[in-house]
Every structure is written in structure tokens, then in C-alpha cells.
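Step one of this worksheet: look at the structure below.
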Amino acid sequence: MRKKDKTKFPVARIKKIMQMDEEVGKMAQATPVLISKSLELFMQSIVDDVCKHARVCNSRKVTTTHLKRCIESTACYDFLTDTVEAVVDDGDGGGPEACIARVAELSANGDGERAGGLGGGAEER
């Protein structure tokens, strides 16, 4: 008996979107499931990074500005820079340079948990 794959994104819709491209022919049954899981992991990664930026900037809310700063300061999100180019920077948290510098400093030191409370522990809830 096969194990039912639990995904957060609809597999049928992913398959339909993929088949809209004329170059995509037949695909294995596991392909949309893998795309769904990849999308889930990517979304979790970017949300965690944006939350880290918001905490470093002493913000209680995650805004589009935090998303923009995260994308601009993280090399693996370079493909999204054109998408966030039009977002207006509201200057939340002491300016973009200050927040980006603090995030870069914490990432370089490798102690994001200790410095600045980036751990997301229960004490913040």
C-alpha cells in the first residue's frame, strides 16, 4: 500500500500550471509532489529570513519593506530583486543600511540565536 503524500500546495493545480507550457509533455506522478514540497521549503526559508530582518529592526510587524531588504541582502534571493524593485522603503527600524548591516553582522558571527534574540522562542509570544 502506498503512503499518501501530504503537501501544503495543491498538486493538481501545480500539474495544471506546468502543463500550460507547450514544452512540458508527460511527467512522472511524483514531479508535482516534489515541486509542491520544494515550494513549501522555499516559502518557509524566505519567511524565516524576513522575520529575522523584522526582529533585528525591532519591528513587531513584518512589512513589504522587510521582504525587500531581505531579498536585496541575501544572495540566494537575487532572482527576486526585479520583483521587489518597486516596493517603497518606509524607513522602518533605522533605515535599510542599519538593518542590513546588523543582519549581515549577526549572520557572519553565526550567533543569531544569542545576539538580538533571533531564535523565535516562546518568550516573544
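Could you check the stretch 25-125 for helices (runs of 4 or more DSSP H) lying wholly inside it with 3 or more residues that are at pLDDT 90 or above and on the phi > 0 side of the Ramachandran plot? Before the answer, list the steps.
On the way: elements: 30-56, 64-73, 81-84, 96-109.
Because the criterion is at least 3 residues that are at pLDDT 90 or above and on the phi > 0 side of the Ramachandran plot, no helices (runs of 4 or more DSSP H) in the stretch 25-125 meet it.
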Residue 83 being more than 29 Å from residue 12 (Cα to Cα) and either in contact with a helix residue (DSSP H, G or I) (Cβ under 9 Å, 6 or more places away or on another chain) or open to solvent by less than 60 Å² (accessible area, probe 1.4 Å) (or both): no
Flagged pairs (Cβ under 6 angstrom, 6 or more apart or on separate chains; first in the stretch 17-33, closer than 18 Å to residue 7 by Cα; second among the charged types (D, E, K, R) and open to solvent by 80 Å² or more (accessible area, probe 1.4 Å)) are 32/15
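Looking for whichever is within 18 Å of residue 73 (Cα to Cα) and of a type outside the set (Phe, Trp, Tyr) here; the options are 47, 11, 33. Which one fits?
Details: 11 fails: within 18 Å of residue 73 (Cα to Cα); 33 fails: within 18 Å of residue 73 (Cα to Cα).
None of the others qualify; the one that does is 47.
The values are calculated or read from the model by the stated rules, or taken from the named source; none is laboratory data. Source: prediction; values computed, not measured. Reconstructed Cβ throughout: ideal geometry from the backbone, glycine too, with neighbour counts over all protein chains shown. Side chains included, ligands, DNA and RNA excluded: accessible areas come from the protein's heavy atoms. Shrake-Rupley method; radii C 1.70, N 1.55, O 1.52, S 1.80 Å.
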